[in-house]
Structure formats: C-alpha cells, structure tokens
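Chemist: My questions all concern the structure below.
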Amino acid sequence: MTYRILNDAGLRDWLAEQPELSKRLGGVASDWSIREVSDGNLNTVFLVDGPAGALCCKQALPHVRVAPDWPMPLERALYEARYMRAVAPAVTGLMPKLFAYDADLFLLVMECLTEHEVLRSALIEDQAEPGFSAVIGTYVARTVQATGWVNQPFETGARLLEQFSGNTALTRITVDLILTDPYRICDRNPEPEAGLADDVKALQTDQILHRAVGRLQDRFLTARQALLHGDLHTGSIMLDGTDVRVIDGEFATMGPIGFDCGLYLGNLALHLCAAPQKAVALRAEMVAFWRSFSEELRSGLQDGSGDMWALSGSAGRQDLIETFLKDILRDTAGFCGLEMIRRTVGFAQVADYSLCSTEKDRLLARQKALQIGRTLIVEGASLRSFDGVLSLMGL
Ligand code: SR1
Ligand code: MG
C-alpha cells in the first residue's frame, strides 16, 4: 500500500485491516468514532474510540502542517518510532505505548491518553498538579543511562548514531529555528510585535551573544553524548494528575544531554515571564527537575557498565560524575537561553504569552525572556551550580 494522506474514512478502512488494532478497539469499524485533534506544528493526529478501547494515530504529512508551503520528509515518523522503541524499556509508564508503526503510511499507532492534557495548556489554565518536573527529570536521566556512552558499551552509541544520524530534516529545523534564525534577518522570523523591533535588531548585531551561540552550535552538532528527545518543551508532555508522559520524539538525535534539560527548563522560564505571579511554584518545579535528574543520573552512574571511566575506582568515578554533571549544567543553561529567545521572536512562538492581559504586559514579558535568555547563553558556560541558573533567571 502506498502513502496517502489519511482522513477519517481512510484511517477507519486501514484500521479495519489490522487485526490486532481492530481487536484493541473492539466491535466493528462502523462502531468506531474518529476525531482529528492535530495540535502540533508538523503532523495530523486522530483519536479513535471503540467499544473496547481507544487508539491515538499520528501521521506525518509531506509538509509542515501549520505551513503547507514548507516541504518536510515523511521519515520523521520512522525516527519517532525508533526513538520510542529505543527508550521505552528505560521509561516504562512515562511515555505512551507504541502499538504499531506503518512504514508505508508513515503512521504511528499509540496508546490513547484520553484523560491527559498537554502540560503547556494545563500550565496556562493553572491546572497542572505540582510535581510533574521531578518526573521529567527522572525521564531524562533514564534515557541518558539507557543511551549514553557514559553508561553503555560503546557499541550502543555506535548503533544509535547509525540509527539516528539520518534524521537530518528535523535536525535542520533545530539548527535553523533554535540555533540561527533569531540572530539573523530571515523570512521565517515573524514580524516582531509592536515595541520589540529594537530588541530583535539587538539580537542580530550582538557579537558577544553570537560568540556564545557559536559555542552552543558546536555543542549541539558535535557533542553526541546520548539519544535526545530533541524537542522536550511543555507541548511535548501530557499529564493527568500525577501521571506524566513524554510524547513526540520525532526530533530524536544523538546530542548534548543539556539540550533536553535546557529546552524543558526554558519553557518553564517562558511561562514564568508570562505569569510572574507563579514564580514560587515554577522555581520549585525547576529545582525538582534538576534534583531528580541529577540524583537519578548520579546513582545510575555509580557502577556504570560503559567503556567510559572503566579504569576509575570509586573515588575517581565520583569526581568524573560531578565534572560530567557540571558540564551538563552549563549546556543546560545555554540551551535554556536559546529556547527562551527562539520561542519569543522566532517561528513557533509559545502560547504562554496569551496569559498577559495587556499589550504592555506582553511586551515586558517578552523583553524579560530575551534578557534572561541572553544572560543564560552568555554567562551559562561559567556556572558551577543549579542555584547559579536560578539566579541568572532572577529567582
Ligand atoms: C517547523 S516545526 C517548528 C517547531 O515545532 C516543533 O515542535 C519544534 O519545536 C520545531 O522547532
Ligand atoms: Mg512536536
């Protein structure tokens, strides 16, 4: 069967031909209700409900869903399926289950998180139950332990490099949208909103900032430490009370561990700029993220089975772990700053700014995000503790 863009009817027909998936839904095809709930920038997503169960079906389109003139290779769905399979054993219960991947339709069929809400929306509605960041910290640490050179025989890293180095189309998006476009004149950048034009111009001419961004470009492209989720923002996380799941791993690539950490924290920091009255709660989430991430990673690396550090006795290993964590911390600060800037002035900005009740408040919130972002990028490389990150955020 060749690729075609599925609508409700096409998906129903295809599912009816899949015995295992049909069984999960129960009844017969005409009993199933199908609704499209596409929300992200790239793909279409359908939720299918049957008498016995529900499924989530996600299909790659040959273009960016929110920008139909922007062609995009379909293979991103394959990388998402590979990512889910690579990390699933390490993060059971923290990701939806993948039931099937169809290589012709570039279609993933997953567990349906009917009761869950996207974290970004839950934050905007002030409905997110506190504690979600500790789960995300655990998630990132476990993916690092399962895929990083630091904890695995080198053959694991070699295999993952081979499996993910072809994900160039989505890595190109990251290189352009996060690491380059906000700092140059570019058609993809939207018109800055009233009052922000000078701030945007400053980003394009700031040599000190450009040098620091250059260091982060180097880290992103050459520090292939572990398999990254690659797009770990608050729209890639769903929660239902204390049940927290990470979704949307299509940007997966081998890269610096601080990239996933930085994107996550950057999105909490953006929310903070838009909703400064929530500073205490958001600070607590950030602290909880770093604590659970670093503690889980520290303990997982105590008796690591990787080729890295194989010669170190226990004391030497402790030193190596602490140095390793400090390097991750510095990358985290820098990538956090990059995410704050790109989501404020670049393509695909965050909805969190809709919380500002006046245009003036929104402008101030954006300027604050740009200021914190720049500080994190320029000063992040000399940080020694997570308190330093918080203080650069004014927390
Ligand atoms: C063209 S895709 C724009 C953004 O959406 C995704 O979620 C990634 O964050 C990407 O940068
Ligand atoms: Mg996404």
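Throughout, read-outs are computed from the coordinates displayed, never taken from laboratory work. Since the structure is predicted, the reported quantities are computational estimates derived from the model, not experimental observations. A quick note on method: Cβ atoms are made from the backbone with ideal geometry, for glycine too, and the neighbour counts reach across all protein chains shown.
To keep it simple, each residue is scored yes or no on (1) assigned to a strand (DSSP E or B); (2) under 20 Å from ASP243 (Cα atoms).
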{"residue": "TYR79", "(1), (2)": "no, no"}
{"residue": "ARG82", "(1), (2)": "no, no"}
{"residue": "ARG85", "(1), (2)": "no, no"}
{"residue": "THR92", "(1), (2)": "no, yes"}
{"residue": "PRO96", "(1), (2)": "no, yes"}
{"residue": "TYR101", "(1), (2)": "yes, no"}
{"residue": "THR114", "(1), (2)": "no, yes"}
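Chemist: Which of the residues that make up region 132-160 are more than 19 Å from the chain's Cα centre (by Cα) and farther than 29 Å from VAL287 by Cα?
Modeler: Within region 132-160, the first condition is being more than 19 Å from the chain's Cα centre (by Cα), and the residues that meet it are 149-159.
Scanning region 132-160 gives PRO153, PHE154, GLU155, THR156, GLY157, ALA158, ARG159.
Chemist: Take SER22 and decide whether it is polar (S, T, N, Q) and more than 21 Å from ASP104 (Cα to Cα).
Modeler: No, not satisfied.
Chemist: If you go through region 210-232, how many residues are free of Cβ contacts under 8 Å to residues at least 24 places away in the same chain and either within 20 Å of ARG172 (Cβ to Cβ) or surrounded by 23 or more Cβ atoms within 10 Å (Cβ to Cβ) (or both)?
Modeler: Going through region 210-232 one residue at a time, the tally reaches 3.
Chemist: If you don't mind, another one. Hey, among the residues in region 236-252 that are away from ligand 2 (no atom under 14 Å from the Cβ) and among the β-branched types (Val, Ile, Thr), which one's surrounded by the fewest Cβ atoms within 10 Å (Cβ to Cβ)?
Modeler: It comes out as THR242.
Chemist: Return the pair list, or none, for Cβ contacts closer than 6 Å from residues in region 233-255 that are over 19 Å from ARG342 (Cα atoms) to residues that are of a type in the set (Ser, Thr, Tyr) and more than 16 Å from ligand 1 (Cβ to nearest atom), at least 6 apart or on different chains.
Modeler: Taking only residues 6 or more apart or on different chains, the pairs are VAL246/TYR139.
Chemist: So, GLY235, is that one within 16 Å of ligand 1 (Cβ to nearest atom) and not in a helix (DSSP H, G or I) or not?
Modeler: Criteria not met by GLY235.
Chemist: Between a first residue in region 36-64 that is of a type in the set (Gly, Ala, Ser) and a second residue that is in a strand (DSSP E or B) and within 16 Å of ligand 2 (Cβ to nearest atom), which pairs have beta carbons less than 7 Å apart while being 6 or more apart in sequence or on different chains?
Modeler: That search, which allows pairs on different chains as well, returns SER38/THR44; SER38/VAL45; ALA60/ASN43.
Chemist: Shifting gears a bit: For SER30, work out the one condition from (1) surrounded by fewer than 16 Cβ atoms within 10 Å (Cβ to Cβ); (2) in contact with a Gly (Cβ under 8 Å, 6 or more places away or on another chain); (3) of a type outside the set (Phe, Trp, Tyr) it doesn't fulfil.
Modeler: Unmet condition: (2).
Chemist: Restricted to region 148-183, and to residues that are of a type in the set (Val, Ile, Thr) and either part of a helix (DSSP H, G or I) or out of contact with any helix residue (DSSP H, G or I) (no Cβ under 9 Å at 6 or more places or on another chain) (or both), which residue is farthest from LEU311 (Cα to Cα)? Show your work before the answer.
Modeler: Let us first name the residues in region 148-183 that are of a type in the set (Val, Ile, Thr), namely 150, 156, 168, 171, 173-175, 178, 180.
Still in the list and also either part of a helix (DSSP H, G or I) or out of contact with any helix residue (DSSP H, G or I) (no Cβ under 9 Å at 6 or more places or on another chain) (or both): 156, 168, 171, 173-175.
Values: THR156: 19, THR168: 35, THR171: 35, ILE173: 39, THR174: 36, VAL175: 36 Å.
Per the criteria, the residue is ILE173.
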